[in-house]
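Each remark here refers to the structure printed beneath this line.
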Number of protein chains: 2
Amino acid sequence: MHRTKVKVAEDALDANTTIAAANRADFDRHGVSVVNFMSAPGAGKTTLLERVLGEVDARVGVLEGDVQGSADADRLSALHLPVVQLNTDSGFGGECHLDANMVRSALGDLPLEDLDLLVIENVGNLVCPAEFKVGEDARVMVSSVTEGEDKPFKYPLMFRACELVLINKIDLLEHLDFDLDRFLYHLDAVHPGVEHMLLSAKTGEGTEAFRDWLTGVAKTAPAPA
Amino acid sequence: MHRTKVKVAEDALDANTTIAAANRADFDRHGVSVVNFMSAPGAGKTTLLERVLGEVDARVGVLEGDVQGSADADRLSALHLPVVQLNTDSGFGGECHLDANMVRSALGDLPLEDLDLLVIENVGNLVCPAEFKVGEDARVMVSSVTEGEDKPFKYPLMFRACELVLINKIDLLEHLDFDLDRFLYHLDAVHPGVEHMLLSAKTGEGTEAFRDWLTGVAKTAPAPA
């Protein structure tokens, strides 16, 4: 029974890889760079995007992933960017993550030809989103200091699967027992040398560096075919 | 293709229901009440258990669920309670939740005959843990005020699937924009009338009520067969 279960999982991952490559080809054809943006629930992904996306020096769109509802998409639509809501509850069984097929189902609603950068905000979850590539160029994860120093070694795949770790809510550091050195020690143990930034989506402290990082990713996109 | 996928999911849930009933029968036979304890990563489940379990008026054991590692079990073992670590990474594909079969695989390591109350600390995740009963009497979820007011309507199944909602980290309220009335309004919308408690695992404020609630659950267990 275990053997059968493992086989099914491998098939699913293979299908995901195939569809992710198809997404990737579409992004390349339109000259769009794509960032897969991940975190635990409530780490501040949407607040951070509200803070920086309007100031990124590129034409930006957002694909908003949630189990249900459109609260985050509604918030981001105030930035007057193209925002598409993708719910895993409708036709995808209430999945706890986005996969390549779900993203593909939404591509027709996105004006790829008018974008340089697409940010895909994943479902809040530190486990499964890391297992499914969706055709992205880079993966960014947000870890809030209120979540504790132990998260890198409790959810190592997530911290290993990303190119950039944003350490958010640093405005609260003075009210917490959070030991930043210990967090960075754990982070370096699971993903040696990974880039990280300290910031506060609420106060804006440190967010310029992330804004500039996004602009840099947007500039790496190939010219549209 | 969608039809096939849905069918597989139903089969899996049925198997889970069957095994959960077998777990339930074992718990009843030993006179053990069981609480399934759930939250997002970093909401403070382990810190709260460290705070209260030593003072619950019952013989308590813990089944500690994590993707990998034994950090939380190591912390709780300082309470000199029976603690068993269950990793979803070993043989269970790194699952983002506990299910009845995983719990069953660990029952042999637990001294059920010496317990009145078993607390099962689930993997930190606001989606899938709510979909898998494990044979528990009650489900408790912890929502930290640092996660924001919108969590009940973004993850409604989790908030609907529990008998008690613990609103943790209230020591930080004065440093946050968190609107408690708005959170409670959302909570009542997705789960009308559900019991909730405000507390701080860090300072201990409000935790006596949860300790007494656990004692009450322990007392409801049937006499051992």
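The values are calculated or read from the model by the stated rules, or taken from the named source; none is laboratory data. Keep in mind it's a predicted model, so treat the numbers as computed, not measured. Because the Cβ atoms are built from the backbone with ideal geometry, glycine has one as well, and the counts that use them run over all protein chains shown.
Go through A:ALA20, A:ALA15 for me and flag whichever is modelled with pLDDT of 95 or more and in a helix (DSSP H, G or I).
Residue meeting the stated conditions: A:ALA20.
Can you go through B:ASP72, B:ASP89, B:ASP109, B:ASP114 and tell me which one is within 14 Å of chain A (Cβ to nearest Cβ) and surrounded by fewer than 23 Cβ atoms within 10 Å (Cβ to Cβ)?
Exactly one of B:ASP72, B:ASP89, B:ASP109, B:ASP114 is within 14 Å of chain A (Cβ to nearest Cβ) and surrounded by fewer than 23 Cβ atoms within 10 Å (Cβ to Cβ), namely B:ASP89.
Against the condition under 16 Å from A:GLY61 (Cβ atoms), crowded, with 20+ Cβ neighbours inside 10 Å, out of contact with any His (no Cβ under 9 Å at 6 or more places or on another chain) and within 14 Å of chain B (Cβ to nearest Cβ), how does A:LEU126 come out, does it pass?
no
So how many residues does region B:174-199 have that are within 12 Å of chain A (Cβ to nearest Cβ) and part of a loop (DSSP other than H, G, I, E, B)?
Result for region B:174-199: 3.
B:PRO222 - would you say it is out of contact with any helix residue (DSSP H, G or I) (no Cβ under 9 Å at 6 or more places or on another chain), loosely packed, with under 14 Cβ neighbours inside 10 Å and not small (Gly, Ala, Ser)?
no
Could you list all residues from region A:131-144 that are within 10 Å of chain B (Cβ to nearest Cβ) and surrounded by 24 or more Cβ atoms within 10 Å (Cβ to Cβ)?
Once the filter is applied, which keeps residues that are within 10 Å of chain B (Cβ to nearest Cβ) and surrounded by 24 or more Cβ atoms within 10 Å (Cβ to Cβ), region A:131-144 yields A:SER143, A:SER144.
Among what's in region B:146-173 and is more than 9 Å from chain A (Cβ to nearest Cβ) and assigned to a helix (DSSP H, G or I), pick the residue that is surrounded by the most Cβ atoms within 10 Å (Cβ to Cβ).
B:MET158
What about B:ALA189, is it out of contact with any strand residue (DSSP E or B) (no Cβ under 9 Å at 6 or more places or on another chain) and either polar (S, T, N, Q) or in contact (Cβ under 8 Å) with a residue 60 or more places away in the chain (or both)?
Here the answer is no, as B:ALA189 does not meet what is asked.
Return yes when B:ARG104 is surrounded by fewer than 19 Cβ atoms within 10 Å (Cβ to Cβ), on the phi < 0 side of the Ramachandran plot, touching a residue at least 60 places away in the same chain (Cβ under 8 Å) and not hydrophobic (A, V, I, L, M, F, W, C) and no when it is not.
So B:ARG104 fits the description; yes.
Considering every residue within region B:35-42, establish whether at least one is within 14 Å of another protein chain (Cβ to nearest Cβ), in a helix (DSSP H, G or I) and farther than 23 Å from B:ALA223 by Cα.
no
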